[in-house]
Amino acid sequence: MSGAYAGYCGTQANNASTDLVLDSSGQGTAYNNKVIGWPNSTTDPGTDWVNLAFAGSPANGVMFIFAPNGIISNMCAADPGDNLVVLRPCNGSNWQRWIPTPVTGQAGFFTWTNRATHKILQSGSKGSQLITVTPPTAPSGNQQWRFVN
């Protein structure tokens, strides 16, 4: 990595046996490009993200900004209201802001609740698009996330 934000890049990894992370499908930066679950790799720029607390406070939500090779793309992970997570131009809207909630009994893991839909981030199988779902009483491993770099 060589971009200005290379030292801040990482991704969110799930707590499931699949051990998937946020990935921009095909390393794309296009409007509505799918955000998928993919194995973490230091050589795959599709897994490079910068987490930025909105207005400096995670309570306001965190934005996941796609930053391949440490270069900010100005594209953020968003749920535009259809339960499918895609890239959209970063604008700070509630559709792009995610609220962290610690997972009881799983140190370092959080669920991420979309501020607009009030649904949580969930991964599926390798290569499938991330979705948002109604929060269950106890989140499963594919709904629990931690920052890794």
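Taking each residue of segment 91-105 that is within 15 Å of T137 (Cβ to Cβ) and looking for partners that are polar (S, T, N, Q) with beta-carbon atoms closer than 7 Å, six or more apart or interchain, yields T101/T111; T101/T113; V103/T111; V103/Q144. Being more than 17 Å from S24 (Cβ to Cβ), under 11 Å from the mean Cα position of the chain (by Cα) and open to solvent by 20 Å² or more (accessible area, probe 1.4 Å) is the requirement here; does R146 meet it? Taking the combined requirement at face value, the residue satisfies it. Scanning segment 106-119 for residues being free of Cβ contacts under 8 Å to residues at least 60 places away in the same chain and over 18 Å from A53 (Cβ atoms) gives a total of 4. It is to be established whether one or more residues within segment 64-74 are without any contact (Cβ under 8 Å) to a residue 12 or more places away in the chain, out of contact with any Pro (no Cβ under 9 Å at 6 or more places or on another chain) and either of a type in the set (A, V, I, L, M) or farther than 18 Å from W95 by Cα (or both). The answer is no; no qualifying residue exists.
Filtering segment 46-63 to residues that are touching a residue at least 40 places away in the same chain (Cβ under 8 Å) and not aliphatic (A, V, I, L, M) leaves D48, W49, N51, F54, P58, G61. Looking only at residues of segment 42-52 that are open to solvent by 30 Å² or more (accessible area, probe 1.4 Å) and in contact with a strand residue (DSSP E or B) (Cβ under 9 Å, 6 or more places away or on another chain), we find that the one that is farthest from A13 (Cα to Cα) is L52.
When M63 is tested against (1) within 14 Å of the chain's Cα centre (by Cα); (2) over 15 Å from F147 (Cα atoms), only condition (2) is not met. Restricting the first member to segment 129-149 and to residues that are in contact (Cβ under 8 Å) with a residue 60 or more places away in the chain, and the second to residues that are basic (K, R), the beta-carbon pairs closer than 9 Å and six or more apart or on different chains are Q129/K34; L130/K34. Return yes when A55 is farther than 22 Å from S128 by Cβ, open to solvent by less than 30 Å² (accessible area, probe 1.4 Å) and among the hydrophobic types (A, V, I, L, M, F, W, C) and no when it is not. In short, no.
The values are calculated or read from the model by the stated rules, or taken from the named source; none is laboratory data. Since this is a predicted model, take the numbers as computed values, not measurements. With ideal geometry, Cβ positions are generated from the backbone for all residues, glycine too; neighbour counts draw on all protein chains shown. Accessible surface areas use protein heavy atoms only, side chains included; no ligands, DNA or RNA. Shrake-Rupley method; radii C 1.70, N 1.55, O 1.52, S 1.80 Å.
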